[in-house]
Amino acid sequence: MFGWFGSKKTPESTVTPLVRKDSWYQRLKNSLSQTKGALLGPFVRLLGYKDTLTSEHLLELKKNLIRADIGPQLTKELIHLVQNTPANDMINKLKDHLLSLSLQPNPEALKNIKVIMMVGVNGAGKTTTTAKLANLYRDLNPLLIAADTYRAAAIEQLQHWAKKYNLNFFSSETTDPAAVVFQGMAHALSVGNNISFIDTSGRLHNNKNLIQELVKIKRVLLKQISSADLRVLLVLDGSQGQNMIEQAKTFQQELGLDGLVITKIDGSSKAGAIFEIMRSYKLPVYFIGCGESVDDIDHFDSKEFIDALFGDE
């Protein structure tokens, strides 16, 4: 037995191509202000310095980059990059290098995907983000599948957002999350939902038994759809810094990821860890969120993100 509500009709419209929205850009820029201060502060203070950087300057830069959660390896790269660079060229070199590390998919590439499976640890904002993404893709007649059977509040929360934003919703009486997903996908395929977003239970990245339940869900999905139609996205709390790197490492090794969704970058100075994750694990960022409102999430654009991070410097 299961419950669902929403339209059975499949609209002909598709995802609107990504365009730069001034209101979104300003929100993104404001949200990155603390990371900008942590990352750029020491560089900005050296802009008027005309000589080669001293060892004391380089040590200060190193300490601040590590505090910004850039990560030890990337910090080493950036220090090597600027140590013989004139002060006025430092920031341009820094921007170019970070841009070279940034990975992102084409937003248009998602419009033919049948399933996006959302995974991550508790507290990253996974359930809310799942609803926000479905709303972002509402032109594709999305279905929300509530597969977080370990937390009753998660099902109620997802159902609340589905009703509020008039989105299709599916839940089941079974407590087996893989069975919920199987039933939900069968329903989606039968009524013509173009894309389904699956909210899964939060999993501690260091608990292998819990991670294996996600592996089971993925295995069930691949019996119903092809691997080309599935994307597994890890939701990361942007305020967690180095913890994001550890989570990405474990989920990538155990489950296999297609990309990342970064949430809660507002009010944090640790968003710099995003670059280390992309550098180390070659995972693209699909979406980025910077607030509580339903429209405070959008496709990740690496150039836009770096422009917002560096602002007018």
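The residues of region 170-184 that are of a type in the set (A, V, I, L, M, F, W, C) and buried (at least 23 other Cβ atoms within 10 Å of the Cβ), listed by number, are PHE170, VAL180, VAL181. Selection of region 173-192 for residues being in contact with a Ser or Thr (Cβ under 8 Å, 6 or more places away or on another chain), assigned to a loop (DSSP other than H, G, I, E, B) and either among the hydrophobic types (A, V, I, L, M, F, W, C) or under 15 Å from ALA147 (Cβ atoms) (or both) yields THR174, THR175, ASP176. Candidates in region 55-96 are the residues that are touching a Lys or Arg at 6+ places or on another chain (Cβ under 8 Å) and more than 27 Å from GLU246 (Cβ to Cβ); of these, the one that is surrounded by the most Cβ atoms within 10 Å (Cβ to Cβ) is VAL82. Among the listed residues SER201, SER196, which satisfies the condition of being at pLDDT 95 or above, among the polar types (S, T, N, Q) and out of contact with any Ser or Thr (no Cβ under 6 Å at 6 or more places or on another chain)? Among SER201, SER196, only SER196 is at pLDDT 95 or above, among the polar types (S, T, N, Q) and out of contact with any Ser or Thr (no Cβ under 6 Å at 6 or more places or on another chain). Which one of PHE197, PHE169 is among the aromatic types (Phe, Trp, Tyr) and more than 19 Å from the chain's Cα centre (by Cα)? Of PHE197, PHE169, the one residue that is among the aromatic types (Phe, Trp, Tyr) and more than 19 Å from the chain's Cα centre (by Cα) is PHE169. When residues in region 93-111 are screened for being polar (S, T, N, Q) and at pLDDT below 85, 2 of them pass. Of all the criteria given as (1) assigned to a loop (DSSP other than H, G, I, E, B); (2) of a type outside the set (Ser, Thr, Tyr); (3) under 25 Å from SER100 (Cβ atoms), the one not satisfied by ASP295 is (3). Every condition in (1) within 20 Å of THR129 (Cβ to Cβ); (2) aliphatic (A, V, I, L, M); (3) in a helix (DSSP H, G or I) holds for ILE306 except the one numbered (1). For region 251-290, the set of residues classified as over 28 Å from LYS63 (Cβ atoms) and assigned to a helix (DSSP H, G or I) consists of PHE251, GLN252, GLN253, GLU254, listed by residue number. Beta carbons closer than 7 Å, at least 6 apart along the sequence or on distinct chains, pair a first residue in region 190-204 that is under 20 Å from LYS132 (Cβ atoms) with a second that is of a type in the set (Ser, Thr, Tyr) and surrounded by fewer than 18 Cβ atoms within 10 Å (Cβ to Cβ) for ASN194/THR10; SER201/TYR150. Among the residues of region 197-247, those that are assigned to a strand (DSSP E or B) and either more than 23 Å from LYS282 (Cβ to Cβ) or in contact with a Gly (Cβ under 9 Å, 6 or more places away or on another chain) (or both) comprise PHE197, ILE198, ASP199, THR200, ARG231, VAL232, LEU233, LEU234, VAL235, LEU236, ASP237.
Scanning region 253-274 for residues that are at pLDDT 90 or above, over 19 Å from ALA134 (Cα atoms) and surrounded by 18 or more Cβ atoms within 10 Å (Cβ to Cβ) gives LEU255, LEU257.
The residue of region 293-313 that is modelled with the highest pLDDT, among those that are within 24 Å of LEU40 (Cα to Cα) and small (Gly, Ala, Ser), is SER302.
The values are calculated or read from the model by the stated rules, or taken from the named source; none is laboratory data. What you see is a predicted model, and the numbers here were worked out from it, not measured in a lab. Don't worry about glycine lacking a Cβ; one is built from the backbone with ideal geometry, like all the others, and counts go over all protein chains shown.
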